[in-house]
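These notes are about the structure you will find just below.
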Amino acid sequence: MTQLRRDPIRGHWTIIAPGRMSRPQDFKVEVVEPPKNGPCPFCPGNERLTPPEVESVRPVPSAADSPGWVVRVIPNRFAALSLTDGADETLLQDAGELLRSQPGVGAHEIVIATPEHHRRAANFSVDHWDTVLATCQYRMDQLSRDPRVKQLLLFENHGAQSGASKSHAHLQIMGLPMAASASQQRLVNARTHFQRHGRCLICDVVAKELDAGQRVVVADDAFVAFAPWASRLPFELCVLPRPHHASFLKVPPAERRRLAAHLRDVLSGLETLFGDLPYNWMLHTAPIHEEEPRALHWHIEILPRLGPVGGYEWATGSYINTVAPEEAAAQLRALRGA
Ligand SMILES: [Zn+2]
Ligand SMILES: [Zn+2]
């Protein structure tokens, strides 16, 4: 018997329909590398192929835009949003009440996460993950000072099926001129819950998940990783801080290091089950000038891309998931005991 479940944080519905595919070996994970066009611009020695860096971590001091870095941040050459381009007048012609538009003002940066072309994020050391997260946090903090930036996003696309255009491991930071539409419903759900109950929605969800235990992969006093109740995709995971924090920008170094360990562990757990699988992960943090930080709780969603998303999902905004989140969590927990 299938079951319809509603996600309390995002508001979507999922049909949990286990049976047909539930074990890791039922999924045929094909390693599809993004197409190669000439030398990799993210490799050391090819710095001239990218726009000038805005930040880099160099254990031994060396010149900007030269090798020697372990993490390097550059503006996206094909930025979806920009703080420096002039507004494109041709795109503004249809502006009006019905067909609204605004200039694509915002920021879009690439965090080249390793100098090693074939090193995957799931195999970074915890120290290196911490360096990557610290660099992202620093750049996000810098971008948050621009009054035109209202919301920050951090994400990684890995594998061609996830939308990655380069195989060299990289994260992306976007500074949006408005709260992202995908995060709007989350904001509405969180604020409504806070007005009704005077408590944070995610804190309440975490308390229930820890109490139930079946969907929890790992929990300590700082972080919890669990498979959400209405997981949209097989082996979807959520990683978030147990103490209430609205903004990732304010996470202190000791806590960030714990996050580095958890993120590395869950990504490498997925690799143990599926090999080099395509995935997206996204970090959701409160809008920069949030008036009610008690209502919002930053968190990371990890979406393994083990199969295509089809017409049902596009038509309804709901999902059919063939692996119950309880089963996904049990398999990931078993790895930790192994
Ligand atoms: Zn490369
Ligand atoms: Zn909270």
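The values are calculated or read from the model by the stated rules, or taken from the named source; none is laboratory data. Keep in mind that this is a model prediction, so the values were computed, not measured. Methodologically, a virtual Cβ is constructed for each residue, glycine included, from the backbone with ideal geometry; neighbour enumeration extends over all protein chains shown.
Can you tell me how many residues within region 206-218 are crowded, with 21+ Cβ neighbours inside 10 Å and in contact with a His (Cβ under 9 Å, 6 or more places away or on another chain)?
The total comes to 1.
Do you know which residues across region 79-103 are surrounded by 13 or more Cβ atoms within 10 Å (Cβ to Cβ) and either modelled with pLDDT of 80 or more or β-branched (Val, Ile, Thr) (or both)?
81, 82, 83
Filter region 112-150 down to residues that are within 20 Å of residue 284 (Cβ to Cβ) and among the polar types (S, T, N, Q) and give me whichever is surrounded by the fewest Cβ atoms within 10 Å (Cβ to Cβ).
Looking at residues that are within 20 Å of residue 284 (Cβ to Cβ) and among the polar types (S, T, N, Q), I get 142.
Only helices (runs of 4 or more DSSP H) wholly contained in region 240-338 count here; list those with 1 or more residues that are in contact with a helix residue (DSSP H, G or I) (Cβ under 6 Å, 6 or more places away or on another chain) and surrounded by fewer than 17 Cβ atoms within 10 Å (Cβ to Cβ).
Answer list for region 240-338: 253-274, 325-337.
Which residues, counting only those in region 165-193, are within 16 Å of ligand 1 (Cβ to nearest atom) and not polar (S, T, N, Q)?
Residues satisfying the conditions are 166, 168, 169, 170, 171.
From the list 242, 196, 264, which one is over 17 Å from the mean Cα position of the chain (by Cα), closer than 24 Å to residue 134 by Cα, more than 16 Å from ligand 1 (Cβ to nearest atom) and not β-branched (Val, Ile, Thr)?
Checking each option against the conditions leaves just 242.
Quick grid of which residues meet (1) over 14 Å from the mean Cα position of the chain (by Cα); (2) surrounded by fewer than 18 Cβ atoms within 10 Å (Cβ to Cβ); (3) among the small types (Gly, Ala, Ser):
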| site | (1), (2), (3) |
| --- | --- |
| 152 | no, no, no |
| 161 | yes, no, no |
| 180 | no, yes, yes |
| 184 | yes, yes, no |
| 201 | yes, no, no |
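Given region 1-82, what strands (runs of 3 or more DSSP E) lie entirely inside it while holding 3 or more residues that are closer than 21 Å to residue 155 by Cβ?
In region 1-82, 55-57, 71-75 are the strands (runs of 3 or more DSSP E) which contain 3 or more residues that are closer than 21 Å to residue 155 by Cβ.
Listed here are the residues, each with its yes/no results for (1) closer than 24 Å to residue 7 by Cβ; (2) small (Gly, Ala, Ser); (3) within 16 Å of ligand 2 (Cβ to nearest atom); (4) not in a strand (DSSP E or B).
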{"residue": "164", "(1), (2), (3), (4)": "no, yes, no, yes"}
{"residue": "168", "(1), (2), (3), (4)": "no, no, no, yes"}
{"residue": "173", "(1), (2), (3), (4)": "no, no, no, no"}
{"residue": "179", "(1), (2), (3), (4)": "yes, yes, no, yes"}
{"residue": "185", "(1), (2), (3), (4)": "yes, no, no, yes"}
{"residue": "189", "(1), (2), (3), (4)": "yes, no, yes, yes"}
{"residue": "194", "(1), (2), (3), (4)": "yes, no, yes, yes"}
{"residue": "207", "(1), (2), (3), (4)": "yes, yes, yes, yes"}
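Could you go through region 192-210 and let me know if any residue there is at pLDDT 95 or above and farther than 27 Å from residue 294 by Cβ.
no
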